Amino acid sequence: MQADLYIKNGLVVTEEATFHGGVVVADGKIVELVAGNIDVAAKETIDVNGKAVLPGIVDDHVHFNEPGREHWEGYEAGSKAAAAGGVTTFMEMPLNATPPSIDRDKLIHKREAIKNKSVVDYAHWGGLVDNNLDELEGLHEEGVIGFKSFMSESGVDFKRIDDDMLYGGLVKSRELGNVVGVHAESEHVTRFLAEQIQATGRIDRNAWSESRPPAAELEADKRAIYWAKVTGGNLHIVHVTIAEGIHAVDQAKREGVNVTVETCPHYLFFDNDDFVRIGPAAKCAPPLRVREEVEKLWECVLAGMVDTIASDHSPCPTADKVKGNDNIWQAWGGITGVQAMLPAMLTEGVHKRGMSLSLLVKLMCTNPARIFGLYPQKGSLLPGSDADIAIVDLNKTWTLAAEDLFSLHKQSAYAGYTFQGQVERTFVRGTAVYENGQIKVEPGYGNLLRR
């Protein structure tokens, strides 16, 4: 039998091994991995000349703002940015779109609106808000990969939850076999500090960071873990920025709590000094931390204590960033990052700190697919898995220009930075969707995935 595609002479990377070889593809699926540089009969053979052959990145945390806020990003622009970054599957959050996906009808409305827009495959989070507990089963039946909730105000039309809804949501997650994802910051402490700081007239960038300190994050982490332990529910804490939060999760796992933890490239690439220098493009919540905390977070990553690394891509119109140049409180909080996430981790992790490529694949491909019910279809190079592949020149040094961004608005905290490691080609189900700066498929190629 002749294969459709043979990617040969590469550095093949799985979560368990790295070896010289290739990947054989037929009918959109991986048929086999081959060691060495042997010949295989295929309709198309691509010699990658030693470049890295990774599973496509599975980004479990993006905001593409559709429907209702397409002028912020939209599925077409966001998915193209994903493809350019080696991301073959994204999981989109239920908020920053209007209406948010907090019940079955709103989710179906969203899916109808975006069904012909994406160039890569995608799945959806449902929302857990105050109070939609009765809607979670319907969302689960529609295949959402998790229920996202905020322990602090979201800043949009998505109501935060208190302990009652967190408790109830975690019970539902246990009953349904799904997971609750939480944005963990103390609403009461962050609001109190923001009001105190603003009352003094401060509008500087450090004022934002000081209003959302590590302690407010850690308290919420521990509270969410406590309720996960009590209920036996399934908890995923998103965008953890502090080592103490990772250690709290690690200890809870040892006690049998069903909890996983995500951090993001921007918390590992930038620090608070970068935020002060860059300004609103680097404003996010939780905020970027001081360099000492960044290095402690890296220690947790390298020790295998973090489960996933996701972009938390959260773009907005440029005007919504610029208006915060002189008053940081006015800027939208969110970083445009899906296109830069893999190069950022190759640069700071693999090249600078000796992170193994297999650990990178585990955190950015395999674990997200496992946690959210898409493995082994996604996140793997196993025979039978979808042929989602990123070809990466590990040694290429390049600078990301704003005009190279596929996002709708050409601004990002990463713009102007130099990286080591560049995505050359991205394949989804055996078809090239991105190649050397160009999108190769029409919008709508991407498929909806269900848990």
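The values are calculated or read from the model by the stated rules, or taken from the named source; none is laboratory data. None of these values were measured; they are calculated from a predicted model. Because the Cβ atoms are built from the backbone with ideal geometry, glycine has one as well, and the counts that use them run over all protein chains shown.
Things worth noting here:
- Some residue of segment 141-149 being out of contact with any strand residue (DSSP E or B) (no Cβ under 6 Å at 6 or more places or on another chain), buried (at least 22 other Cβ atoms within 10 Å of the Cβ) and more than 18 Å from Val189 (Cα to Cα): no
- Here Gly416 clears all of (1) within 21 Å of His351 (Cα to Cα); (2) within 19 Å of the chain's Cα centre (by Cα); (3) of a type in the set (Gly, Ala, Ser) except the condition numbered (2).
- Residue within segment 236-247 that is more than 27 Å from Gly337 (Cα to Cα) and either small (Gly, Ala, Ser) or in contact with a Phe, Trp or Tyr (Cβ under 8 Å, 6 or more places away or on another chain) (or both) present: no
- Qualifying residue in segment 61-69 (condition: closer than 30 Å to Met355 by Cβ and touching a Phe, Trp or Tyr at 6+ places or on another chain (Cβ under 6 Å)): yes
- Being within 27 Å of Leu346 (Cα to Cα), in contact (Cβ under 8 Å) with a residue 60 or more places away in the chain and either assigned to a loop (DSSP other than H, G, I, E, B) or among the β-branched types (Val, Ile, Thr) (or both) is a description that applies to Glu15.
- Taken as a whole, the structure leaves Ala340 outside the set of residues that are over 30 Å from Arg174 (Cβ atoms) and touching a helix residue (DSSP H, G or I) at 6+ places or on another chain (Cβ under 6 Å).
- Subset of segment 95-128 (residues that are closer than 17 Å to Leu176 by Cβ and of a type in the set (Val, Ile, Thr)): Ile102
- Qualifying position, being charged (D, E, K, R), farther than 22 Å from Ser314 by Cα and in the same structural domain as His266 (by TED's automatic domain parsing), among Lys378, Lys362: Lys362
- Criterion applied to His239, His188, His183 was being under 30 Å from Ala331 (Cβ atoms) and free of Cβ contacts under 8 Å to residues at least 12 places away in the same chain, and the one residue passing it is His188.
- Hey, Gly416 surrounded by fewer than 18 Cβ atoms within 10 Å (Cβ to Cβ), modelled with pLDDT of 95 or more and outside the structural domain of Gly21 (by TED's automatic domain parsing) or not: no
- Residue that is farthest from the chain's Cα centre (by Cα) [pool: residues in segment 99-155 that are of a type in the set (A, V, I, L, M, F, W, C) and in a helix (DSSP H, G or I)]: Leu133
- Residue in segment 169-182 that is hydroxyl-bearing (Ser, Thr, Tyr) and under 20 Å from the mean Cα position of the chain (by Cα) present: no
- Pairs, first under 17 Å from His63 (Cβ atoms) and crowded, with 24+ Cβ neighbours inside 10 Å in segment 107-129, second at pLDDT 95 or above and acidic (Asp, Glu), C-beta under 6 Å, six or more apart: Leu107/Glu142; Ile114/Glu66; His124/Glu92
- Criterion applied to Val25, Val62, Val58 was being buried (at least 23 other Cβ atoms within 10 Å of the Cβ), closer than 15 Å to Ser314 by Cα, among the β-branched types (Val, Ile, Thr) and touching a residue at least 12 places away in the same chain (Cβ under 8 Å), and the one residue passing it is Val62.
- Looking only at segment 368-385, residues that are under 20 Å from Val144 (Cβ atoms) and touching a residue at least 12 places away in the same chain (Cβ under 8 Å) come to 9 in all.
- Residue in segment 391-404 that is crowded, with 20+ Cβ neighbours inside 10 Å and either in the same structural domain as Leu357 (by TED's automatic domain parsing) or within 18 Å of the chain's Cα centre (by Cα) (or both) present: no
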